[in-house]
Every structure is written in C-alpha cells, then in structure tokens.
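K.L.:
Quick one: structure below, then a few questions.
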Amino acid sequence: MINPAIDLLLTRRSVSANSLDEPGPTPAEIELMLRAASRVPDHKKLVPWRFVLFQGKAREAFGKVLVKVCAVEEKDPGAFRLENEAKRFLRAPLVIAVISRVVKNPAAPEWEQMLSAGAACQNLILAAAALGYGAQWITEWYGYSNGVRKALALADNERIAGFVYVGTAKEKPDERERPALADIVTSWRP
Ligand SMILES: Cc1cc2nc3c(=O)[nH]c(=O)nc-3n(C[C@H](O)[C@H](O)[C@H](O)COP(=O)(O)O)c2cc1C
C-alpha cells in the first residue's frame, strides 16, 4: 500500500446497484458521507447542491412514484418493466439523490456549479468505499424525467446530478480497463 487515500483512489470500483445488499451505512456513517460530499470545491461558496435520502419504506413508496411516471412517460412499458420500476430503489439500502442547484453568479458560472455537484457525487462514492461499502452513481431514465422532477419538487434552477446507491457489495467487482495515461495526458509546449 502506498498510502491509504491513494490506494482507495487507485482501487475504487463502482458496485452495480443490482449487486448491493444490506446492511447499509449506519446513521453516523451516512453523516460522514454527507459531510465529505459537502466539502467539495465550491467557487464562491454557493453550495450548489443538496441531497435527498431514500431509506427504509421510502424506497418502496418512491417505486410507486416511478411506476406512475413511467406509465405516463413511456409508450406501453409493459407489466415486467413496471414491476422493475416498483423495485428500483429497493436494490440498495440507501439511495441518495444529488441535486445540482445553480444560481446566477458572474464569478462562478453555472458550468462550475454543475461540476461541483459532480464532485459531490464522487465524494459520496469515495466516502462509501472508504467506509467499506459499495456504491454506484447512476442516472438511468428517471434522472432525466420531468415527472420525477415534479415528484421531487425540484425548482427550475435544480437538476438531478445523480442517484448514488450505497450498500454492502454482494461480490467484489472485477477490475475494469482504464485509459492509458499516454492516450490522455500531454504536456503543453509553447
Ligand atoms: C453522471 C453519471 C451517470 C451515470 N449513469 C449511469 C447509469 O445510469 N447506469 C450505469 O450503469 N452506469 C452509470 N454511470 C457509470 C457508473 O457510475 C460507473 O462509472 C460504472 O459502473 C463503472 O464503474 P467504475 O466507477 O468502477 O469505473 C454513470 C456515471 C456518471 C458519471
């Protein structure tokens, strides 16, 4: 091990939502994850993100919302699809919706505020991994659905950056190929 933080960064893998199980993080661990997520770089201290937690029975209740929205937004989704929507948030003990919220600020353009929300998602999955949990940052269809936006009562300046699923990994994911640095790194020369 080079050092625990670098080791975590170099070995972290997402665990697919379907491979997550109980137990989920404790309330104290969830607080640590949220504290890590809320200290990402944030130009002008705008706090351009917020978090919505889905746990316990709320996950099943949100499944009912997904079924309703899916039935309206998808053409003829079919019974199998709707059954899956009902169970979607039950795949993990904890789902955290990360909501990006942008405001007009000449010093910190919207792009920077959205990047900060992405960093909050990443800190959540890193903190989950550091605490020994598996996590996956996903958007799927409901991250872009108007019906789901309404159900979550998002304001006009808000957008879903992702849903972070957290739980205990049923199995360790295989390593995934990563880009060769030689393909993505250059040194600028005048
Ligand atoms: C903004 C964003 C949205 C994503 N949405 C999905 C998704 O809907 N479904 C999915 O399978 N993976 C999605 N991913 C990819 C996973 O988070 C993850 O990167 C992937 O499972 C590969 O694992 P790794 O993190 O170990 O590379 C998304 C990633 C990002 C950054």
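The values are calculated or read from the model by the stated rules, or taken from the named source; none is laboratory data. Quick caveat, the model's predicted, so the values are computed rather than measured. Quick reminder, even Gly has a Cβ in these numbers, built from the backbone with ideal geometry, and neighbours come from all protein chains shown. Side chains included, ligands, DNA and RNA excluded: accessible areas come from the protein's heavy atoms. Shrake-Rupley method; radii C 1.70, N 1.55, O 1.52, S 1.80 Å.
K.L.:
I need to check one value: relative contact order of the chain, counting alpha carbon pairs closer than 8 Å and at least 6 residues apart, in percent. Can you show the working numbers first?
P.N.:
On the way: 291 pairs, mean separation 63.5, N = 190.
The value is 33 percent.
K.L.:
Same structure again: Based on alpha-carbon centroids, what's the gap between region 121-176 and region 64-101 in Å, whole number please?
P.N.:
When both Cα centres are located, 14 Å separates them.
K.L.:
Ignoring ligands, DNA and RNA, how do 38, 145 rank by accessible area with a 1.4 Å probe, largest first? Walk me through the numbers before you get to the answer.
P.N.:
Working: 38 55, 145 5 Å².
Ranked list, largest accessible area first: 38, 145.
K.L.:
Sequence gap at least 6, Cα distance under 8 Å: using those rules, report the relative contact order of region 123-190 to the nearest whole percent.
P.N.:
Details: 47 pairs, mean separation 24.5, N = 68.
Relative CO of region 123-190 lands at 36 percent.
K.L.:
Checking the table 75/172; 87/170; 44/68; 75/150 against a 28 Å threshold on Cα-Cα, which pairs fail? Each step should come with its number before you reach the end.
P.N.:
Details: 75/172 37 Å; 87/170 18 Å; 44/68 39 Å; 75/150 19 Å.
As for pairs spanning more than 28 Å Cα to Cα, those are 75/172; 44/68.
K.L.:
Label residue 150 and residue 10 with points 7 Å out from Cα along Cα→Cβ: what is the distance between them in nm?
P.N.:
A separation of 5.1 nm, rounded to one decimal place.
K.L.:
Please give the solvent-accessible surface of residue 87 in Å², to the nearest 10, using a probe radius of 1.4 Å with every protein chain present.
P.N.:
That residue has around 110 Å² of solvent-accessible surface.
K.L.:
Let me ask something else about it. Just to verify a number: what accessible area does residue 186 come out at with the full protein assembly present, 1.4 Å probe, Å² rounded to tens?
P.N.:
130 Å²
K.L.:
Oh, and also: If eta is 0.890 mPa s and T is 25 °C, what Stokes-Einstein diffusion coefficient results for region 1-146, Kirkwood Rh from Cα pairs, in µm²/s? Provide the component values of the computation, followed by the final result.
P.N.:
Working: Rh = 16.8 Å.
Taking Rh from Cα pairs, D becomes 146 µm²/s.
K.L.:
Taking every Cα atom in region 70-190, find the radius of gyration and the maximum pairwise distance Dmax, and write them in Å.
P.N.:
Over region 70-190's Cα set, Rg and Dmax evaluate to 18.1, 61 Å.
K.L.:
Would you mind computing, in nm to one decimal, how far apart the modelled labels at residue 45 and residue 188 are, each placed 7 Å from Cα along Cα→Cβ?
P.N.:
It is 3.0 nm.
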